[in-house]
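Data first, discussion second: the structure below is written as structure tokens.
The values are calculated or read from the model by the stated rules, or taken from the named source; none is laboratory data. What you see is a predicted model; the values in this text were computed from it and never measured. Every residue, glycine among them, receives a Cβ derived from its backbone with ideal geometry; neighbour counts consider all protein chains shown. Heavy atoms of the whole protein, side chains included, go into the accessibility calculation; ligands, DNA and RNA do not. Shrake-Rupley method; radii C 1.70, N 1.55, O 1.52, S 1.80 Å.
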Amino acid sequence: MTPTPDAMSPVSRTALPVVLVRAHESTRPEPLFTDPYAARFAEAAGLPAELPERARREGLAAALAVHIVLRTRYYDDRLLAAGTEQVVLLAAGLDARAYRLDWPGGTRLWELDLPPVLEFKEQVLDAADAVPSCRREVLPGDLLDPGWPRRLVAAGFDPQLPTAWLAEGLLVYLSAEQAAGLLTAVGSLSAPGSRLLMERGRDVSRGPEDPALAHVTELWQGGLGPETDQWLNAHGWQARTTSLAEVGAAYGRPLPEGAGRTSGFIEAVRTAEG
Ligand code: SAM
């Protein structure tokens, strides 16, 4: 049966433009990463083969595309540098890191997301005969359901071992209360030395800048907003933020003068017991 993303909710469909950007980056000369599965997901989802023109020019679509490319490479590097045996991708969407990164032997990786997106993902990966480079397990479910930590542990996750957690492109879709609840659950599963990667929270109160992207930006609730790092520091983590401008400069993709100073990425290290 041909997989389709039809059953996905609007928030799950936000995983589709992300793979389109990754597919486009993978075809560029000197890409920051190569994701051979991104184009397969895009094709199976019936997306156009090319990135829309507006995402190549200026404005919000282009800024989001740059953000996705830089964060993908940044998180690739930070997840591998974490050197933990356990990796958890919260809201994994169509992230193919389990397949495309060179994980050390013995790495276990769990992917959590809503059932329709993972169903679509598994069908495409199966059709591609994809083989993960780690021990991968998929846990379909709602991260707002308080039962997910129990299900993760039942799937072999050990809370006594340090873990690298990734929440890429997730918290902006949650309210402050939902984000705090989710991060509290993550903290309770995190042995000292665990690492948590995510975007610096965004102030979504200013509203969408591009009506063509309203179907995405109207889903933004802002999570814990620009104070996300302060929340983490008060809840057993030590957070460090790297701005988008710094990441762009480090990877040879400098941003225009003055851009990328308020957005960026947080890497938090667990200091306290859960
Ligand atoms: N992390 C992936 C990436 O960067 O490729 C996907 C990012 S996509 C923008 C947002 C993802 O969050 C979607 O896959 C969506 O299904 C997932 N998501 C949103 N709310 C969720 C929830 N309550 N439980 C599980 N997943 C959720």
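A few notes on this one:
- Of all residues in segment 30-65, those that are at pLDDT 95 or above and farther than 23 Å from THR4 by Cβ total 5.
- Put simply, of LEU161, LEU174, LEU166, LEU144 the only residue that is among the hydrophobic types (A, V, I, L, M, F, W, C), farther than 27 Å from GLY46 by Cβ, within 12 Å of the ligand (Cβ to nearest atom) and open to solvent by 40 Å² or more (accessible area, probe 1.4 Å) is LEU144.
- Which listed residue is surrounded by 20 or more Cβ atoms within 10 Å (Cβ to Cβ), among the small types (Gly, Ala, Ser) and under 20 Å from GLY260 (Cβ atoms), from ALA44, ALA61, ALA82: ALA61
- Residues (of a type in the set (A, V, I, L, M, F, W, C) and in contact with a helix residue (DSSP H, G or I) (Cβ under 6 Å, 6 or more places away or on another chain)) located in segment 1-14: ALA7, MET8, VAL11
- Filter result (open to solvent by less than 40 Å² (accessible area, probe 1.4 Å) and in a loop (DSSP other than H, G, I, E, B)) within segment 187-206: LEU189, SER190, ALA191, GLY193, SER194, GLY201
- Of all residues in segment 80-97, those satisfying the criterion of being away from the ligand (no atom under 12 Å from the Cβ) and either assigned to a loop (DSSP other than H, G, I, E, B) or under 30 Å from LEU47 (Cα atoms) (or both) are GLY83, THR84, GLU85, VAL87.
- Looking only at segment 147-158, and only at residues there that are exposed (fewer than 13 other Cβ atoms within 10 Å of the Cβ) and either farther than 18 Å from LEU174 by Cβ or of a type in the set (Phe, Trp, Tyr) (or both), the one that is nearest to the ligand (Cβ to nearest atom): ARG150
- Filtered residues of segment 164-208 (kept if touching a residue at least 40 places away in the same chain (Cβ under 8 Å) and among the β-branched types (Val, Ile, Thr)): VAL172, THR184, VAL186
- Among the residues of segment 151-179, the one identified as outside any strand (DSSP E or B), in contact with a helix residue (DSSP H, G or I) (Cβ under 7 Å, 6 or more places away or on another chain) and over 24 Å from LEU64 (Cα atoms) is PRO159.
- Scope segment 209-232; condition in contact (Cβ under 8 Å) with a residue 12 or more places away in the chain and open to solvent by 80 Å² or more (accessible area, probe 1.4 Å); matching residues: GLU209, HIS215, GLN221, GLU227
- Each residue in segment 111-141 was checked for being in contact with a Leu (Cβ under 6 Å, 6 or more places away or on another chain) and surrounded by 17 or more Cβ atoms within 10 Å (Cβ to Cβ), and 7 pass.
- Selected residue [touching a helix residue (DSSP H, G or I) at 6+ places or on another chain (Cβ under 6 Å) and either without any contact (Cβ under 8 Å) to a residue 12 or more places away in the chain or surrounded by fewer than 18 Cβ atoms within 10 Å (Cβ to Cβ) (or both)] from PRO31, PRO52: PRO31
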